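Below: the structure, in C-alpha cells.
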C-alpha cells in the first residue's frame, strides 16, 4: 500500500529532505507533496503570473490565492499530513493547514520543539499524534506498515 | 433574525467587550460566544477538574482537551466567526479556530493589524473578509441587516 | 411551519417587493432574505468599509467578498431559494447562487422569461422547478401548505 | 502525480485545444475532460437519443438532462476545474459549473477578460484563482509541480 | 421535545388521519407533514401552475418536479419518517422517499402488510424498524418518550 | 477513462447481458457490477450462509442483509447507475437503489417502458436521465466519450 | 443558551438522576435525553410491539432495532454526549454510541473508573475529554457557561 | 475488482491468519489491513516512540493516539470492515471501530459467538451482517464476486 504524505510547515530549512531521506532509509512506500518551498517564489507567485500588483497587500492577496490553490490540490491527494512547527516565524499557515487537514479527517502528526508545547497545546490535542522530532514522526508512519 | 457570533482570538485584552458594545450601539440582534478569556483559568482547567497532572506537558494536554470541548460546543452554535489576531503572542489557537470554521463553511471575518498582513495572507485569502479593526468587522455584520 | 426564502437574482427592479406582497396576500408564513438590493451600495461596500481601493478590480474584489459573506450567512438560514433571471444583465451571481443552493440540497425555484429558456436550460434541469412568473413561484410554495 | 482537469466554459471556439497544447509544451501530466463541444450535437442530444420532442422547451429539457449527466460524471473525476468566460454569450452553464465545483471543494481557476471583471466579481472572489489568459491558468497549474 | 414526522406512502385512503388521531390519543408532541394527498391535485399540479403540457409524459414531468419540491422541503424538516406500503399500487414514490430518508440518516419506520414482506425485504433491512400496523408505528415513536 | 456502471433492477431476464453486449459493440471502456441475478440464490443466501431461519420473514431478513451488503460494496465502486424497471414485479429494490444512488450524487439513468411513465414520474424527475430502452441508455453513456 | 445532553451508558443504576441533580444544583440550562433505562422494557420492546419472536436471537434483533431507532432520534437532538462506563457488564452499546457521536462530530465526554483506563484507552483518546466522576463531567459542561 | 478489508477485533489469537488463508483458498482478490496485533508493541508504542511516560495512564494515552492514527489511515483505505468479538476481554476498541466504520458508511460484518448475541444486539442491528464464524464472513464476501 502506497501512501501520500503532505508536509506542511516552515519552508526556511531543508527538513523535508530529511523526512524523505529517513523514509528512503526505512524503505517506506511514501510519496511526499508539499507547499512551494522557495520562499521568494512563494511570495512573488501572484506578481509572477498575474502581473505587478499595486501594493504589498494586493501582492500578498494574489500570491496567497495561488499558494492556497496548490495546497488544496495536494492536500486532497494526501493520506497523511505532517505539520512541523519551528521556533522562529509565525507559521500561521502551518496551523491553518493542520486544522484544515484534521477537520477533513486526514490523519495528522504534529512535530514541534519542547519550547512550543504550551502555545500549540490545543492544536496538539486535536491532532492524532504530536512528536518532537522528524525521526519520531517517521516511526509513527512506519508503525502502520509493521 | 438572531445570529450567534463566535469570537475567536487573543484573550489578553478586552476586545470582546468592545465588540459587544459596538453591537449594542448599532442595535444588532447578535449573541456572542467565546473561549474562556480568563487566561489562568484556561491554562489550569485540566488540573482544576481532573487533578494535578505530573508535568507541564500533561497539564497542557488536560487543559487543552477541555478548552477544545468548549470551543467545539460553541462553534457548532455559531452562524458567524470573527477571529482577531493581535501583534503579540503566537495565537495558533486563533488560526486553528479560523481554519476549522472556514472548513465547516462558517462565514468568517479576520481582524488583524497592518503589520500582520504578510504572515496571515493565506488565511486571509481563505476567510470571507479581512479587516483591520473591530469597528469594520461590525460594519460587515451590520451589512447583513441593511 | 415557518419557512425562510432566499431571493437570489437581479437587483435592478422591485420584484422582491412583489414576491412579498403576493406572499402576504396568500397568507403564507414566509420570511424573506436577499442580497443587498441597493446596487450602488453593493458595488461600494468594500471601499465603504475597508477604505478606498487602488483600482476598480481591487474595489470589486473588496466589495464581492463582503457581498459573498452576506449571501453565505443568509443562504444558510434559507429553507427555499428562488432565483430570478431577467432579460438584461449578465446575472452570473444569480447562476452562482442557484448552483450553490442546489449543490447544498436547498429546494430551488428558477423564474425566467420565455426568451431565456435556451441559455438557462442546464440550470433549469438541475433546479427543482422552473417557472415564468413570480405568481407561479408563489403558487409552487403555496402548494407546500395545501 | 497525474491530475485530471475539467474545462468548463464556452464551446464556440477552440480554447480547449490551446489549453492542451500548452500543457503538452510544458510537459504537464494532465488529462483533460470537458462538456460536449459540438454545439449542435449538444443542443440536439435529447432529440437524438430519446426522439423528437414536442416543442423547443421540451427539446431543451431533454438535451440539458443528458448534458448535465455528462458533466456530473466527468466533474466527479476532476482534481481541478478551469472555467473560461468569453465576451459573448450568456454562459450561465459556466457559472453553474464553476459554482458547483467550488461548492464541492474542487480547486477552481476562472479565466475571464478584463471587460468581465465587474459582472464576475462575486464568482471570482469564491474561486481559488482568477486570471485573464489561458497561459496564466496553465502557469498556475504548473506551479503545483514546481 | 417536539418532533416532526413525515408520512410517506399511499395517498388513496385516510391512513394519515388515523396516525394523527392515535398520536393525539397518546398525547404525543408530534407535528405531521406529508405529500399532497389529493391525488388529482397531485397529478395536475404541473398543468395547474405552469400551464397545459403537450402530452401526458410532459404533464407528469411538470407535476413530479413540483411534488418533489414539496417533499424535499418537508423531508428536511422531519425528525422521523414513516413510510406506509399498501397492497395496491406500485408505490415507487414511497420506496424512493424511504430510501432518500434512510440515506440522509433520518430514523425511518416502514409499515407494510404481511403480504409484502418478501418484495420489501431489502428496504425493510435498511430501515430502522418495520411493523405491520399504524398502531405499532405509533408505539415505536411513543417509546422515545417513555 | 474507465468507468464502472452498477446495473440495478429486475433479475428475471438477461437484460444485463444485453447491456454488456452493446457496450462491447460500441467499444466503451465500462466495467459492470450488479446484484446477485440468480433469484433463488438471492432469496436463499441468508439460510445458505447463516443457517436455516425459523420462518419466512426471518429467512427474508437474513437474505436481505447480505444482499444489501453486496449492493453497498458495489455501489460505492460505481461511477454511474442504470436502474431498469420492467412491467412485472414490484421492483421496490430498484427504486430503493436508484434513490440511494441519486442521494449519494451518483449520476443515474432510469430505463422504463412507456407504461410505467406515470407511476415512476417522481423518481424519473430526480434521476439525471430517463429512457425507454437499453440502447438509449448506452447512447447516453457513449455521449460521455464523444 | 440551552444545550441538550445525551446520556449514553449503563442502565443498571441511577447515575442519570445524579447527573440531573448536579445540573440542577449548578443551575445549568441543560435538557437530558437517554436510552430506555428500564432494562426489562428495553429487552422486551420488540416482542412488546411487534409480537412474540420465535427465538431469543430474533427477540434481540427486534428489540435492538427499536432501541437503535430511539437512540438515533435523540442523539440527533444532542449538543453534547456523556458516555459512562461502569465496572460491570460488557457495555458495547456505550462504546458504540460514543464512537457514533464522535464520528458525527458531537462533543463527547467519557466517564470511567480508574480500573478501565487501559481497555478504554483508544476510545478515550478519540473523545474530547475523559473523567472519572459524574461531578467532573458536569464541571466540564459548566466550564462552557463560565 | 480488488477490495481492501479491515480486520478489527481482538489481537490475542491468530484469527486474521485464518481469514487470509480462507480468502486464499477461495481465490478472493482481497487485501487485508489490521491494527497492530503484537499486543505488547501496541501497549508500548507511545513509550517506544515518544519516550517513557510518567504514569500508566499517560503511557496509555500516548500509545492509544498512535494506535488510533494507524487505524484511521488504514480504515480510510478499507472497502469492507470485519469486526470479530471473542468471549474474553472487553474489546471496546472493536465496538468503537465497528461503529466508526458503520457511521462512515463502510459495509461491515460482525463475527461473534452465540454467547455474545445479547450484549452485542444493538451493534449487530446496525452492522450490515452478523455471523458466527470466520468461514461465514468469508462466504458473505465471496457472495460479492458470484
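A few notes on this one:
- So residue C:76, is it more than 11 Å from chain D (Cβ to nearest Cβ) and either without any contact (Cβ under 8 Å) to a residue 12 or more places away in the chain or part of a helix (DSSP H, G or I) (or both): yes
- Residue check for residue C:128: more than 13 Å from the chain's Cα centre (by Cα) and either buried (at least 24 other Cβ atoms within 10 Å of the Cβ) or over 20 Å from residue D:90 (Cβ atoms) (or both): yes
- Going through (1) modelled with pLDDT under 95; (2) within 10 Å of chain G (Cβ to nearest Cβ); (3) more than 12 Å from the chain's Cα centre (by Cα); (4) over 23 Å from residue A:109 (Cβ atoms) one by one, residue H:57 falls short only on (4).
- Condition check for residue D:16 on (1) away from chain C (no Cβ under 12 Å); (2) under 19 Å from the mean Cα position of the chain (by Cα); (3) touching a residue at least 24 places away in the same chain (Cβ under 8 Å): one failure, at (3).
- Filter result for residue B:88 (within 14 Å of chain A (Cβ to nearest Cβ) and in contact with a helix residue (DSSP H, G or I) (Cβ under 6 Å, 6 or more places away or on another chain)): no
- Residue check for residue B:4: surrounded by 14 or more Cβ atoms within 10 Å (Cβ to Cβ), within 17 Å of the chain's Cα centre (by Cα) and away from chain A (no Cβ under 13 Å): yes
- Pair list, Cβ < 6 Å and 6+ apart or interchain, from region H:133-146 residues that are at the interface with another protein chain (Cβ under 9 Å from one of its Cβ atoms) and touching a residue at least 12 places away in the same chain (Cβ under 8 Å) to residues that are assigned to a helix (DSSP H, G or I) and crowded, with 16+ Cβ neighbours inside 10 Å: H:136/F:49; H:140/F:66; H:144/F:70; H:144/F:73
- Within region H:111-125, considering residues that are crowded, with 20+ Cβ neighbours inside 10 Å and in contact with a helix residue (DSSP H, G or I) (Cβ under 6 Å, 6 or more places away or on another chain), the one farthest from the other protein chains (Cβ to nearest Cβ): H:111
- Filter pass, residue A:70 being more than 13 Å from the chain's Cα centre (by Cα), under 30 Å from residue C:54 (Cβ atoms) and within 8 Å of another protein chain (Cβ to nearest Cβ): no
- Condition broken by residue G:12, with the remaining ones in (1) closer than 21 Å to residue G:134 by Cα; (2) at pLDDT 95 or above satisfied: (2)
- Any hit, region B:86-93, residues being in contact with a strand residue (DSSP E or B) (Cβ under 9 Å, 6 or more places away or on another chain), closer than 30 Å to residue B:139 by Cβ and surrounded by fewer than 24 Cβ atoms within 10 Å (Cβ to Cβ): yes
- With respect to being touching a strand residue (DSSP E or B) at 6+ places or on another chain (Cβ under 9 Å), in contact (Cβ under 8 Å) with a residue 40 or more places away in the chain and assigned to a helix (DSSP H, G or I), residue F:7 falls outside the description.
- Search result, residues across region H:23-71 that are in contact (Cβ under 8 Å) with a residue 40 or more places away in the chain, surrounded by fewer than 18 Cβ atoms within 10 Å (Cβ to Cβ) and assigned to a helix (DSSP H, G or I): H:26
- All positions within region A:86-110 that are in a loop (DSSP other than H, G, I, E, B) and without any contact (Cβ under 8 Å) to a residue 24 or more places away in the chain: A:90, A:105
- Qualifying residue in region F:93-109 (condition: more than 10 Å from chain E (Cβ to nearest Cβ), more than 28 Å from residue D:104 (Cβ to Cβ) and in contact with a helix residue (DSSP H, G or I) (Cβ under 8 Å, 6 or more places away or on another chain)): no
The values are calculated or read from the model by the stated rules, or taken from the named source; none is laboratory data. Because the structure is a prediction, the values reported are computed rather than measured. Cβ: placed from backbone, ideal geometry, glycine included. Neighbour counts: every protein chain shown.
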